[in-house]
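These notes are about the structure you will find just below.
The values are calculated or read from the model by the stated rules, or taken from the named source; none is laboratory data. This one's a predicted model, so the numbers in the text were calculated from it and none came from an experiment. Counting neighbours? That spans all protein chains shown, and the Cβs are built from the backbone with ideal geometry, glycine included. All accessible areas refer to the heavy atoms of the entire protein, side chains included, with ligands and DNA or RNA removed. Shrake-Rupley method; radii C 1.70, N 1.55, O 1.52, S 1.80 Å.
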Amino acid sequence: MAPGINLGNTLESLDTWETPPYTVSKETVWGNPAANQAIFDAYAAAGFKSVRIPVTWTQYADAQGNIEPFWLARVKQVVDYARNAGLYVIINMHNDPWVIPDDAHSEHPPARVSDGQAWVARVVDAVMRSPDWDSTAIFVTWDDWGGFYDHVAPPRVDGNGYGPRVPGLVISPYARRGLVDHQVLSADAYAKFIEDDFLGFSRLDPATDGRPDPRPTVRENVPQLGNLVSDFDFRQKPRAPLLLPLHPPFS
């Protein structure tokens, strides 16, 4: 199947201005053209043997998990383009493990922070009520620091460096109670945690992962980066759910 190439930023694209489920394809909202036969023919002509096609599913599914028929048909059409070109196909679930609110609940201006907090509480409460709670780890974080002043300069680890600090929460039946983690952490720590669990400590390396990857280093391996495993005690009895009100009263 080698060499392979990645079809990126099309079928996994998200439209943060529209609340799922999407009723039309969003594959061009990140600026790339819609997938077509010519793209896959060019891959084959360039000598590639396989193609990875990242796809988001939950953005096109209703509350019961039923995926919109038009989206199933579109994904099949794109896979058929690749097969017509003689390529092996790897379909990769993308964005589905990340639960991202729409702009109205994102805590970005002019949205209300309280609406975003209620949105997060609703998602966490739903997981706690589910049969999967005993094997769950939820990481809550923010993509911006909100404009607040940070008196600590971020450490420099490579050409990209780290940015200002943002909050992070770990919610799990195995999370250490009352722990304040003082490690240096970044979004790379989430990838490191997942890779350690599911790839046997292997890393997604820009030099070998077979897709456009502009990272200057394997960020999960920088020595300053902490390890989120320290936030858990997997030997303890799973903690019972603690359901929170969506709009707690003021004290």
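Numbers below:
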| quantity | calculated |
| --- | --- |
| 0 to 90° range, to nearest 10: angle between helix 188-198 axis and the chain longest Cα axis | 70 degrees |
| Hydrodynamic radius of segment 4-79 per Kirkwood, over alpha carbon pairs, in Å | 13.2 Å |
| Along principal axes, Cα extents of segment 158-218, largest first, whole Å | 41, 29, 14 |
| Helix 113-129 vs. the chain, principal-axis angle (Cα, 0 to 90°, nearest 10) | 80 degrees |
| Residues of segment 21-60 with amide N under 13 Å of a point placed 7 Å along Cα→Cβ from Asp80 | 37 |
| Compactness of segment 193-251 - radius of gyration and Dmax, Cα, Å | 18.6, 55 |
| Sequence of Phe234, Phe193 when ordered by accessible area, the most exposed leading, probe 1.4 angstrom | Phe234, Phe193 |
| When segment 133-191 is reduced to its Cα atoms, the Kirkwood hydrodynamic radius in Å | 13.4 Å |
| Average accessible surface area per residue within segment 3-42, 1.4 Å rolling probe, Å² | 48 Å² |
| Computed over segment 109-251, Kirkwood Rh from alpha-carbon pairs, angstrom | 17.6 Å |
| Whole-number D in µm² s⁻¹ for the chain, Kirkwood Cα-pair radius fed into Stokes-Einstein, 20 °C, 1.002 mPa s | 102 µm²/s |
| Carbon + sulfur, % of accessible area of the chain - ligands and nucleic acids excluded, 1.4 Å | 59 percent |
| Relative pair counts by distance (%), Cα atoms of segment 19-125, 5 Å bins | 2, 11, 16, 19, 16, 13, 9, 6, 5, 3, 0 |
